[in-house]
Amino acid sequence: MSGIRSSVIYFLSPTNLRNEPSRYSGPDTRTKINHAIRAKELRVISPDGENLGTLSLADALKKAEELKFDLIEISPNANPPVAKIMDYGKYRYETGRKAREVKAKSHVTETKAVQVKIGTGDHDQLLKARRAAEWLGEGHRVRVDLFLWGRYKYMEEAFLKERLDRFLKVIPADYKIAEPLKKSPKGYSTTLERVAGGKKADKPKILPEEKKAEEKKPQNTEKKNKKKSLDELLEGGMM
């Protein structure tokens, strides 16, 4: 038909796309399995962990097919590369679990902060002390800030240091002073570190004021039922 141009459409198959060079530089860290393995020879490990020796890629693939498993290149940089015959899904699960365990063991130390004030009540101080002890137990450093505002900024330095030291004494954990007490933009501050092998957070100590309040609380005494004698009942006019 005249007036109509014929055009040819080229399709790129997934195979052609895979063969195209990668746009990203750097080594390929992906795990190769089965026919994606390029090494000519491999040291092959069986599913039971037995060393099957050095096999050609064709023989290794044949062995994996006989056992109805995958051939996974687990150590590509070895000479020759090491491959294991096993289920690929199980391999991914195990490697992921090991990575999570390593991440859990690698602890990142942070500097936590706890703030107290001149008017902070005993109960709140105990809560903050317990929190500081927990952070120390986790291996973190703890910065304790005594926040000052208004007229508190002009109080005697000895009194302010005593108030901060009073809080430090109720922290239920063994620690050492990492950074000595010093003035800070908010007031006074010091930094604590856990002593190696120190005890973990225990029951917080009772502050003197709270101890006095506990002693003032009336104690519950059991009521004793005493039977009145006949004479007492007569005297009381009850009979």
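The values are calculated or read from the model by the stated rules, or taken from the named source; none is laboratory data. Quantities reported herein were computed from a predicted structural model and do not represent experimental measurements. Neighbour counts run over all protein chains shown; Cβ positions are idealised from the backbone, glycine included.
Against the numbered list (1) surrounded by 11 or more Cβ atoms within 10 Å (Cβ to Cβ); (2) modelled with pLDDT under 50; (3) under 30 Å from residue 119 (Cβ atoms), residue 168 comes up short only at (2).
Residue-wise test of (1) under 30 Å from residue 38 (Cβ atoms); (2) in contact (Cβ under 8 Å) with a residue 40 or more places away in the chain.
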position	(1), (2)
68	yes, no
71	yes, no
74	yes, yes
84	yes, yes
89	yes, no
96	yes, no
101	no, no
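Exactly one residue out of 138, 65, 110, 156 is over 17 Å from the mean Cα position of the chain (by Cα) and farther than 30 Å from residue 41 by Cβ, and it is 156.
Pairs under 6 Å by beta carbon, first residue of a type in the set (Lys, Arg) in the range 170-199, partner exposed (fewer than 15 other Cβ atoms within 10 Å of the Cβ), six or more apart or different chains? Cβ pairs passing all conditions: 176/195.
Applying the set (1) at pLDDT 90 or above; (2) exposed (fewer than 15 other Cβ atoms within 10 Å of the Cβ) to residue 198 leaves exactly one unmet item: (1). Does residue 57 meet the test of being closer than 16 Å to residue 44 by Cβ and buried (at least 16 other Cβ atoms within 10 Å of the Cβ)? Here the answer is yes, as residue 57 does meet what is asked.
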